[in-house]
Every structure is written in C-alpha cells, then in structure tokens.
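Since every read-out is calculated from the coordinates, none of them should be taken as a lab result. Here the structure is a predicted model, which is why all the values come from computation and not from measurement. Every residue, glycine as well, gets a Cβ built from its backbone with ideal geometry; the counts of neighbours run over all protein chains shown.
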Amino acid sequence: MTGSLNIIYFAWVRERLGIDQEQIALADGIETIGDIVAMLSDRGADYADIFSDVGKLRFALDQDYGLPATPIGAARELAIFPPVTGG
Amino acid sequence: MIKIVVGPDDFDIGVETQQVAGQGGGAIASFVGQVRDDGNLASLELEHYPAMTQKALRQIAETALSEWALHAVTIVHRVGKLAVGDNIVLVVTGSDHRGAAIESCSFIMDRLKTVAPFWKKETGTDGTTKWIEERESDVAASEKWQK
C-alpha cells in the first residue's frame with residue numbers, strides 16, 4: 001500500500017519532538033500503528049526515547065482510539081499522545 | 001438532548017442546570033471540576049485534540065443516554081490557561097429519578113477523565129512546568145463501568 005498519512009502529536013510528545021504534525025509516506029510493509037511507531041523509534045536516540053515504550057502512549061486513527069496492532073487501512077490522520085488527563 | 005461545549009469560556013452552572021431541567025423530569029444531577037490549589041500551583045494549561053474532543057464527548061453522552069433513562073446531558077469542558085479556583089468541567093444530567101441522574105453523571109465524569117483527549121500542564125509558583133500524569137485511580141474508576 002502506498003499513500004501518505006498525517007501524524008499529529010499532543011502534550012509532552014509534541015513538546016519533546018518540537019513539531020505538532022508531519023506528513024509521512026506509507027512505504028511497503030507499514031500496515032499497522034505499531035509499524036509506524038517502530039519507524040519513528042528508528043529515527044534516532046531522541047525518537048527512541050519517546051516512541052520505544054508504547055505503553056506510555058495512546059493512539060487515535062481518524063479520531064478513534066487504536067492499538068499498536070490496529071491496521072492503518074485508508075486512515076488519513078494518526079494522533080500520538082500521552083494518556084489523557086482532562087476533567 | 002445532548003449539549004457539548006468545548007472552549008476557553010467559563011460556564012454558568014445555574015444557566016446550564018436550568019436548561020437541563022427544562023428538558024423534563026424532576027431529578028437533576030451535576031458535577032463541577034475546578035483547578036485545585038495544591039500549594040504551589042500558579043496556573044494550569046489545558047490542551048486538547050479539537051477534531052477528536054467533540055466526538056469523544058458525544059460518544060460518552062450517547063452511551064449514558066442508552067444506559068440510563070435521561071432527558072438531557074450537558075458536558076462543558078474548558079481549554080486554555082486557567083487559574084486556581086477556575087472552573088474546568090461541568091456535567092449536568094436530567095432524569096425522572098435521582099438514581100439515574102447521579103449514576104450517569106458519575107459515569108460521564110469517570111469516562112471523560114480517561115477517554116476524552118485533554119491534557120493538563122501545570123506551571124508552579126517557581127515557574128517550572130509539568131505535564132500531569134494519568135492516575136491509576138482514574139483508570140480503575142473508568143473501568144468499573146465496563147460490564
């Protein structure tokens with residue numbers, strides 16, 4: 001599958017990356033949320049610090065919660081953020 | 001009737017409660033969450049994921065309407081910079097009986113705290129900032145509603 005996906009970041013994930021969103025190309029072999037997180041984690045030590053522990057992160061695909069095993073499918077937007085703390 | 005408001009503006013508890021009461025029933029329950037003074041808090045910044053927040057809150061309200069006999073649900077959540085004592089969140093539920101009103105109000109708050117995409121960042125009186133972390137007690141409170 002080829003195409004592109006907009007990734008948006010919130011809270012400390014956004015602050016530590018220094019960007020609030022980016023567009024990535026979906027290369028062959030990238031099929032799940034977990035595949036994207038692994039790709040981000042491979043970018044370097046700073047990225048690995050943020051993305052290597054998926055237990056500290058939450059994911060939403062087109063504004064619905066997803067898990068590392070969730071397929072990207074035709075989704076346009078992946079949000080990556082820490083556990084929520086509203087209320 | 002479902003009313004969801006997310007934005008920087010404060011809310012009037014009396015007005016919101018009257019609006020829910022106007023939808024019928026005689027049992028109105030409400031919860032207000034405010035910025036707590038823990039001794040060295042200067043301000044609180046609330047960030048959210050606008051495209052998802054409305055959707056998540058609406059889903060919670062719809063679940064409440066399907067689980068309890070309710071006439072109306074109102075959820076108001078503020079975002080942006082808030083000071084100690086400021087209102088953060090308001091939930092109002094209206095039903096014929098207090099059990100449904102109180103339980104559904106509690107359910108909405110428990111789910112909101114663990115599902116709705118809001119994040120709090122504290123600025124201390126010494127100028128340091130800190131993102132608030134998820135609390136296990138909140139997760140347990142939310143999970144207890146899963147049957």
Check: Counting every Cα pair in the protein assembly as shown, what percent are over 27 Å apart?
Finding: 40
Next item on the list: Using only Cα atoms, locate the centre of the stretch A:52-87 and the centre of the stretch B:68-107, then give the distance between them in Å, rounded to an integer.
Entry: 26
Item checked: Spin-label proximity, B:D96 to the stretch B:7-31 - amide N less than 13 Å from point 7 Å beyond Cα toward beta carbon -> B:24-27
Notebook entry, point to check: In whole Å, what three semi-axes, largest first, describe the equivalent ellipsoid of the stretch B:2-143 built from its Cα gyration tensor (square root of 5 times each eigenvalue)?
Noted result: 28, 16, 13
